[in-house]
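Attaching a single structure in structure tokens format; questions to follow.
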Ligand code: OAD
């Protein structure tokens, strides 16, 4: 089957990291059932209550540092290495499990939990410690502006021009572990399909946009992603 495709774009979401122990957002017990996203995932929420927002992301960062990539991340990294065409992963996840599994051609469209951004001067840098409103920016020296370098609701996801170019050029679009509810990512399947790509969904259950996918495999990512990658690689 690998001979049929030359440019693959993979969109991943929280479901791919669920079996690594990182919570999803909208499933039963998901993060958005426990927290109001307006409080912890908007610039307005940060302006209202910085300690709350820092505590939320500090806890998630600590959880991430204890987590490890799973068989689904490993299969995607294997695909990038062994596929004869081009493989790009666009992830909505702020974890670093794709890169720890070995993926290199990767776009973090919603930012990265292990980076900090100064909201004043715009400088972004790797960051593994807790953040707080008492920290000063190592670049501009101003206190109170350090925040996680994650994209909040109402902000523009990263590298969108490049993403739309890649969606227009791909011949296979694979969506993994995402509910398909948050735009612009939820619109990528329609974009890829409009440009002639085959579209495939790998998710625990049918997503919001399931009818836009020509092939659908439903089950846990650690099972269905390695199976699908083996098929693509003709293993
Ligand atoms: P969601 O929580 O909305 O959806 C996770 C999807 O993963 C659901 O469709 C689940 O069925 C599926 N899933 C759960 N466990 C799985 C497993 N073991 N194997 C395969 N699939 C599984 O998460 P996202 O779609 O990633 O944005 O959410 C998109 C964005 O909404 C996030 O990037 C975040 C959030 O608010 C921001 O914070 C800006």
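The values are calculated or read from the model by the stated rules, or taken from the named source; none is laboratory data. Quick caveat: nothing in here was measured; it's all calculated off a predicted structure. Neighbour counts are summed over all protein chains in view; Cβ atoms, including those assigned to glycine, are modelled from backbone coordinates with ideal geometry.
Within the range 124-154, can you find the residues that are crowded, with 16+ Cβ neighbours inside 10 Å and assigned to a loop (DSSP other than H, G, I, E, B)?
Within the range 124-154, 127, 131, 135, 137, 145, 151, 152 qualify.
Here's a check for you: in the range 202-220, which residue that is closer than 16 Å to residue 18 by Cβ and surrounded by 19 or more Cβ atoms within 10 Å (Cβ to Cβ) is farthest from the ligand (Cβ to nearest atom)?
For the range 202-220, the residue satisfying everything is 202.
Do you know which residues across the range 46-67 are in contact with a helix residue (DSSP H, G or I) (Cβ under 7 Å, 6 or more places away or on another chain), within 15 Å of the ligand (Cβ to nearest atom) and without any contact (Cβ under 8 Å) to a residue 60 or more places away in the chain?
Scanning the range 46-67 gives 56, 67.
Do any helices (runs of 4 or more DSSP H) lying entirely in the range 1-112 carry at least 2 residues that are under 14 Å from the mean Cα position of the chain (by Cα), and which ones are they?
71-82, 97-101
Also, I was wondering about something else. Quick check: is even one residue across the range 104-113 free of Cβ contacts under 8 Å to residues at least 60 places away in the same chain, closer than 30 Å to residue 234 by Cα and crowded, with 21+ Cβ neighbours inside 10 Å?
Yes, the range 104-113 contains at least one residue that is free of Cβ contacts under 8 Å to residues at least 60 places away in the same chain, closer than 30 Å to residue 234 by Cα and crowded, with 21+ Cβ neighbours inside 10 Å.
Is at least one residue of the range 180-196 buried (at least 22 other Cβ atoms within 10 Å of the Cβ) and either in a strand (DSSP E or B) or out of contact with any strand residue (DSSP E or B) (no Cβ under 8 Å at 6 or more places or on another chain) (or both)?
Yes - at least one qualifying residue is present in the range 180-196.
Among 130, 96, 29, which is in contact with a helix residue (DSSP H, G or I) (Cβ under 9 Å, 6 or more places away or on another chain) and not assigned by TED's automatic domain parsing to the domain that holds residue 170?
130
State which residue pairs qualify: first residue over 25 Å from residue 90 (Cβ atoms) and inside the range 12-40, second residue near the ligand (Cβ under 9 Å from one of its atoms) and at pLDDT 95 or above in any location, beta carbons under 6 Å apart, and separation of 6 or more residues or different chains.
none
Filtering the range 221-235 down to residues that are within 21 Å of the chain's Cα centre (by Cα) and surrounded by 17 or more Cβ atoms within 10 Å (Cβ to Cβ), which residue is farthest from the ligand (Cβ to nearest atom)?
So, considering only residues that are within 21 Å of the chain's Cα centre (by Cα) and surrounded by 17 or more Cβ atoms within 10 Å (Cβ to Cβ), the one farthest from the ligand (Cβ to nearest atom) is 229.
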